Structure formats: C-alpha cells, structure tokens
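This report concerns only the one structure given below.
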There are 2 protein chains.
Amino acid sequence: MPDSSPGIANRIAAIQPFHVMALLARARKLEAEGRDIVHMEIGEPDFDTPAPIVQAGIEALQSGKHHYTPAKGLMELRQAISGYYQSRYGASVDPERILITPGSSGALQLLMAVLINPGQQVLMADPGYPCNRNFVRLVEGEAVSIAVDATTGYQINVGHLQQHWSAQSKAALVASPANPTGTLIPRADMQAMADFVSGQRGHLLVDEIYHGLTYGTKEETALAISDDVFVINSFSKFFGMTGWRLGWLVAPQAYVDALDKVAQNIFLSAPTPAQYAALAAFTPETMTILDQRRQIFQQRRDYLLPALKKLGFEIPVTPQGAFYLYANCSGITEDSYAFCLQLLEDAGVAVTPGKDFGDNRPQQHVRFAYTTSVQQLEKGVERLQQFLAN
Amino acid sequence: MPDSSPGIANRIAAIQPFHVMALLARARKLEAEGRDIVHMEIGEPDFDTPAPIVQAGIEALQSGKHHYTPAKGLMELRQAISGYYQSRYGASVDPERILITPGSSGALQLLMAVLINPGQQVLMADPGYPCNRNFVRLVEGEAVSIAVDATTGYQINVGHLQQHWSAQSKAALVASPANPTGTLIPRADMQAMADFVSGQRGHLLVDEIYHGLTYGTKEETALAISDDVFVINSFSKFFGMTGWRLGWLVAPQAYVDALDKVAQNIFLSAPTPAQYAALAAFTPETMTILDQRRQIFQQRRDYLLPALKKLGFEIPVTPQGAFYLYANCSGITEDSYAFCLQLLEDAGVAVTPGKDFGDNRPQQHVRFAYTTSVQQLEKGVERLQQFLAN
C-alpha cells in the first residue's frame, strides 16, 4: 500500500487512480491469453496523427529542430492558432495571449499555479474529467464538485454557480464538449456564467479540448464571448496528436507574464518537434482529413446511441460532441463497476465505470467511447446483448 | 505588473523570473540590429541531437508511434535505462523503479507532489539551479537555501544537514555535477548524507542530469550507494535531447505507485516520439558520438578556465562536470548584474549574472557556459580583456 509508506504527502491519498487502468491492464492480459476484446473504454482517437502533421514533424527532426523553444512556445505556432480562432470562430485573439503547453495538462497546471491559493475553491461539474480536481488539489486548493444531471444537459449553469459560490470560491471550470457526457454549453449559459464569475472577481476556465468534434452543430469558443475567460485547448483529440503532448492556453493579457514565469520554471518549453509538426495542423490538407474523421465519429455515434438505448441503457441527452456516451445503467445493474468487470471477463467488452468521473451516482453509470470502428462497435453491442440476455 | 493583477496566487510573487531571459532578449535584439554577440550564457548544449537518436525518432513517426504510452513510460526504455545503470555504473536498478518523465522538470514535479506537505522543508545548496526552489513552492513547501562556498566545493555535506535539518525538514536536494558550479559530490559525502537523512526518516533527492559530462574523473550514481535515494536524470544534457522534453526518475519501490498515480493525472505520459527516439541513446554508435562531445567540452573547459583566471575572475575549485564555470568577479565588480548588462552592450558578450542562482553573494558572481566553440570562447575572452582594460 504505497500511500501509507513513510512520508507520502497527504494530498496523494485524495487522488484517485484511474479505475479504468486496472480494467485496461486486465483486458491486455486477456488479449495476451488469446481473447478478443472490444475496446470501448479508451479516451484516445483510434486514428493516427494526420499524415501532413507527421511529415512536418519528420522534416523538423531532419532540419535540427530539437533545441528548446521559448517557454510560451514558437511565435509562428501561436500566430497559427490565432489565425484559426479568426477563421473558424470569427474571434480575434492576440497571439501574445496564447501559450503553447505540454498537453492541455500543462495548461491546467499553469492555471492552478497562477490562480489558486491554498484553500481556495474551483467549482466544476460531477461527472467530469477526473484529473481536474487533482490539478486543484496539487496546489492545495479545493475542488467543489457540483452534481449535474440530464435536466441541465449534464452541465453546470449560472444557477449552480449562484448556489455554490462562496467567499472561498475563485474559479469555475467548465468543459464544452464535456468528458464523459459529450454535451455542449449553450452560448447564453456560457455568457451568463462569465458575467456572474466576473461579478464575483473570479475566473471562468473553459476546457475546449474536444472542440472540432461536434455533430449536427458547430461549437462556439468562449473567447468570442469574453476576453476575460481562460481557455484550455489541445492538439490531442480533434487534431489526433495525443502522444506528442501538445496543447495551449489562452489567457487575459494581464496574466501572461505570470503564466510565462511558471512555465519557465516547471516545463522550460513544450516539445519542440511537436510544435513544428503542429504548424501543419491548420492547413487545408489536414483540415480535409480532420473533417472526414469528424464524419466518421458522427456515424459511430449515430449507430451506437440507439443501439445502446435498445439494450436498456438510458441516454436522455443526445451528446453533440467528443466521442463518448455516458449511459445510465440503473435499469441493468446497481453496481456499474462490478458490471464492467464482469462484462470484460464474460463478454470481452471493455467500458469505463462511472466511478472514474466522480461521486455523483457513479454506480449507476458507465461511459462508452466510440474510438473504434463501427464494425467493432457492432460486435461489442452484439456481445452486450448476449451478456444481458444471460 | 501582472503579479499584482486581481487574483494572482501568492506563490507567484515568490517565483523569480530568469534574469538571463531579459539579457538573452536584449542579445537577440542587438543581433537583429547587426551586432555580433558571443553567447556564454546558454545552459543548453550547442550540439544537435545525435543522428542515431534523430533517426530513431523519424522512424517512430513513420511507423505511427504517436499515441499515448503508459504513464510510467515505455517498458522497453525503462529496461534500457536499467541496463545503462548496470553497464556504466555497475548498479542494479529494477526497471519497475524507473519512471519516464517529460524532462527532469516532470520528475521534480512528481517528487514534490508525492513527498512534500505544505510547510515542509527541502534543503538545498545556494547557489543552485533556480527552478528547484520553485518546484517546492508550487506545492506550498518551503525551500531552505544553504549558503555554500569553495571550502566545501560549493556543495552541501552532512555537516550542513546536521546544522539546518529541523522538525519541518523532509528532504535534501543535491546535484552532482551541479549547476552553476560544475562540482561533484564525493562518494563518502553522498553516503554520509544518505545515512543522515535516512536516520531522520527524510529523503535524499539527487539530481544527476549532468551525468556523463565529467572531465578527468568518472561520476558515480547515488543509486550505487542506496536504494532509498530518489534520482532525477534527463536526456537533455549529455544525450543532447533538450527540445524533446524527456527525463526520468528512479524511486524506491514503495513510492512507485503513488508517483504513477500523480503522473497519470498531471502528464498522462511523456512525449511518445521522444521515448522511441531515446531507445537509440544507449547504442554504441550514439555513445561514440557522446564521448567525442565530452572530449570537446573538456577542451573548452581547459581553455576557458585559465583564461578567465588570467583576467581576474576567481574560480577556486576546478569544476569537474557540466558545462559551467561559476566565477567570483568581486575583484572586477561589486555588481555582477550591472556588469553583465554593460558587458553585453559594450563588448557583445553574454554571461549569466549570479542572481539567477540564489541569494548567496550573487552580486559577486557570474556564470560562464562553455556551450559554444573554442573559437567563440577565444573571441569572448578577447572582448572581455578589452572591456576590462577600458
């Protein structure tokens, strides 16, 4: 039990491991034994990085681009991102306000370091991305989980903020599209939250890392609403660059120097080959590839959503983004974790238990990721059906 | 003044920016205006990444190696590092104890998160690597700077620990070879510190990121002394992979799960192409290149050290590692920062002021980096001589 070893800091006990990791390890073991497993647990696109980005990375390596960059990142890339905000969203974002980070994880670390004093609170939705509360805990802040359900599209809104904001509250962290629910925040709600938080002299932090992956609607950036919000984004999901570890942060100008100072100290810089590779992320050639992938993700969602409902999973809000379906399984089981373990062992289907996303009725929920082909999803659904019939 | 903006966390005011950054920016501006600048301020090898490593990185990209790896890193790379400890140092280190991190910065972050409660102290030498105290501050710990001088080779020893260890002390962080002084810790001193700290139920953290870059002596790893020490290392300096952002951490087995849990949350994984590239770092072909570079660094040191002494800089301990000379300039100036600024403006020579390394008589010290050719160093010395003659 490492957490009780002499001298492990108190914060560690508060940090949950990812339960899906144990499940994934078990799945890999079964596969090594010859079992066929359908993976619907993985939060990573199954597509490789688009070829033009890979090619730009190779050319960067060939031409000696492997020294440090400035801590804020290559100006050329910051300008490219600024251009993308203009062309995709019609939003003017000064490249000086954009910092390149090692994944969106790096952006979240910078934000908490610069904004949160010990004891100060960050409000967020439960269910939500499990690491978020731990970034807060790492700097001795307090994550306040707000239980959300289908009635608000699994998102917090200004009503939640009014109810939960306290003298210790410093920021609200929202995600659109969200993990694990795939839902978006309507513009009016985002605006109302930005106004409320601003009135409290607090901060609205907006996770837009699933931007680009939206179906039947086009997402808006919170930067089009206000220059005072902080926006976190990533090259991992839509751009298919997970292993490259590259993200970015957009901050109000007054915070850039402080963020830069922390970045100089805790990262030095984001990976250089990845930064040069990402310069090819915004080209028409890459965008064509990414648009095709978006259509494929939509086809998968459009297959999986009704298929799961037919099996008895409740998905009351149709997710319009990301690549997840967060399903209420209380009609099937009252212990989603045991269900996931059993489903893997008996039927060879891996899904993520609700307990990886918080404390809000986790035993009644599971997350399906459609990061695999429709053929695999069909096989998974068939196995699920047989499993449930037994 | 960003640090006084509404809502910037208190820790930020305690974090110093790198003063050399302002100097570097000025140097770049002068260069843009056509001035020729000799750079002796840069803490990054001037060599490109060795060709076999670059080639392995290219092949990784070509073969689709750009998804996440496990948070602890590729097992193949952890095994290669374990093998390197055996072959270079005769030390047995279980690969299970090795975690691959985004630079040694990532390793330092993990360590502080897992070991340091708010208010607990980490003892370290002053002068020292400036970021170290900020990693401690980030988790609300307290860095205790211990002033060192030539009489102990600019290193802390067990006498310092006995004097400064308090009920709040949790760890001592040492570096061998050290930045900015380039000095090593003798084995007996390392052993005595490991024993003392262990007796206090504390931890010895050993920065070995300049390992491999030693001259006229061969460094030893603290892992050959004890399985209880934590060792931080990096592919940046000796292996010439700065921009790839790759390092590693060796921990006692009992801490590995806690470190893994934090890594899962704050990094997800180190950059994947860099990990595959680094598999080529330990091959005989790469080692031949690195040995040649080591000899070149030694030639530079052997030129620069007497040349600076002749000009009136005092360097009482001959540095046996890294690529720095930390010089007492009190015979020349009593304000090293003003001296550095003037030297850059008037003579076009960039060096790093002592104030980037702590509060221990910084105004009487400057750091010279020999990360440039002997020809450039000669030009720098010539310009220094003329500058001092005026």
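The values are calculated or read from the model by the stated rules, or taken from the named source; none is laboratory data. Bear in mind the structure is a predicted one, so any value in this text is a computation, not a measurement. As a convention, Cβ positions derive from the backbone with ideal geometry for all residues, glycine included, and neighbour counts pool all protein chains shown.
The criterion of at least 2 residues that are in contact with a Phe, Trp or Tyr (Cβ under 7 Å, 6 or more places away or on another chain) and either more than 10 Å from every other protein chain (Cβ to nearest Cβ) or over 17 Å from A:PHE323 (Cβ atoms) (or both) is met, among helices (runs of 4 or more DSSP H) falling completely within segment A:8-62, by A:51-62. Across segment B:271-304, the number of residues qualifying as more than 23 Å from B:GLU59 (Cβ to Cβ), over 20 Å from the mean Cα position of the chain (by Cα) and not aromatic (Phe, Trp, Tyr) comes to 4. Tell me, please, whether a residue that is touching a residue at least 60 places away in the same chain (Cβ under 8 Å) and farther than 20 Å from A:MET287 by Cβ can be found in segment A:75-93. No, segment A:75-93 has no match at all.
Counting only residues that are within 22 Å of A:GLY119 (Cα to Cα) and among the β-branched types (Val, Ile, Thr), segment B:99-121 holds 2 of them. Residues in segment B:353-386 that are hydrophobic (A, V, I, L, M, F, W, C), crowded, with 18+ Cβ neighbours inside 10 Å and more than 21 Å from B:ASN134 (Cα to Cα) were compared, and the one that is farthest from the chain's Cα centre (by Cα) is B:LEU384. Suppose the filter is assigned by TED's automatic domain parsing to the domain that holds A:HIS160, part of a helix (DSSP H, G or I) and within 21 Å of A:ALA178 (Cβ to Cβ); does A:SER87 pass it? So A:SER87 does not fit the description; no.
In segment A:108-130, the residues that are within 8 Å of chain B (Cβ to nearest Cβ) form Cβ pairs under 6 Å with partners that are acidic (Asp, Glu) and not in a helix (DSSP H, G or I), at six or more places apart or across chains, as follows: A:PRO118/A:GLU140; A:PRO118/B:GLU140.
Can you say whether B:TYR337 is in contact (Cβ under 8 Å) with a residue 60 or more places away in the chain, of a type in the set (Ser, Thr, Tyr), within 14 Å of another protein chain (Cβ to nearest Cβ) and part of a helix (DSSP H, G or I), as far as the supplied structure shows? So B:TYR337 fails the test. Would you call A:GLY182 of a type outside the set (A, V, I, L, M, F, W, C), modelled with pLDDT of 95 or more and touching a Phe, Trp or Tyr at 6+ places or on another chain (Cβ under 6 Å)? For A:GLY182, the condition - of a type outside the set (A, V, I, L, M, F, W, C), modelled with pLDDT of 95 or more and touching a Phe, Trp or Tyr at 6+ places or on another chain (Cβ under 6 Å) - is met.
Hey, among the residues in segment A:175-221 that are charged (D, E, K, R) and touching a strand residue (DSSP E or B) at 6+ places or on another chain (Cβ under 8 Å), which one's farthest from A:MET112 (Cα to Cα)? Filtering first and then ranking leaves A:GLU219.
Checking each residue in segment A:242-255 for being at the interface with chain B (Cβ under 7 Å from one of its Cβ atoms) and over 14 Å from A:LEU205 (Cβ atoms) picks out A:THR242, A:GLY243, A:TRP244, A:ARG245, A:ALA254. If you go through segment B:350-377 and keep only what is over 21 Å from B:ASP48 (Cα atoms) and assigned to a loop (DSSP other than H, G, I, E, B), you end up with B:VAL351, B:GLY358, B:ASP359, B:ASN360, B:ARG361.
Checking segment A:197-207 against the condition returns a match, with at least one residue being surrounded by fewer than 22 Cβ atoms within 10 Å (Cβ to Cβ) and touching a residue at least 24 places away in the same chain (Cβ under 8 Å).
Which is surrounded by 24 or more Cβ atoms within 10 Å (Cβ to Cβ) and away from chain B (no Cβ under 11 Å), of A:ALA278, A:ALA263? Exactly one residue qualifies, and that residue is A:ALA278. When the criteria are applied in full, A:LYS72 fails the requirement of being outside the structural domain of A:ASP356 (by TED's automatic domain parsing), in contact with a Phe, Trp or Tyr (Cβ under 7 Å, 6 or more places away or on another chain) and either at pLDDT below 95 or over 30 Å from A:ASN360 (Cα atoms) (or both). If the condition is being without any contact (Cβ under 8 Å) to a residue 40 or more places away in the chain and either in contact with a helix residue (DSSP H, G or I) (Cβ under 9 Å, 6 or more places away or on another chain) or closer than 18 Å to B:LYS237 by Cβ (or both), then segment B:257-287 contributes B:ASP257, B:LYS261, B:ASN265, B:MET287. When the helices (runs of 4 or more DSSP H) confined to segment B:252-313 are screened for residues that are within 23 Å of A:VAL20 (Cβ to Cβ), those reaching at least 2 such residues are found at B:256-266, B:272-278. Across segment B:65-87, the qualifying residues are those that are touching a Lys or Arg at 6+ places or on another chain (Cβ under 9 Å) and of a type in the set (D, E, K, R), and the one among them that is farthest from A:PHE235 (Cα to Cα) is B:ARG78. Suppose the filter is assigned to a loop (DSSP other than H, G, I, E, B), surrounded by fewer than 24 Cβ atoms within 10 Å (Cβ to Cβ) and touching a residue at least 12 places away in the same chain (Cβ under 8 Å); does A:ASP227 pass it? So A:ASP227 passes the test.
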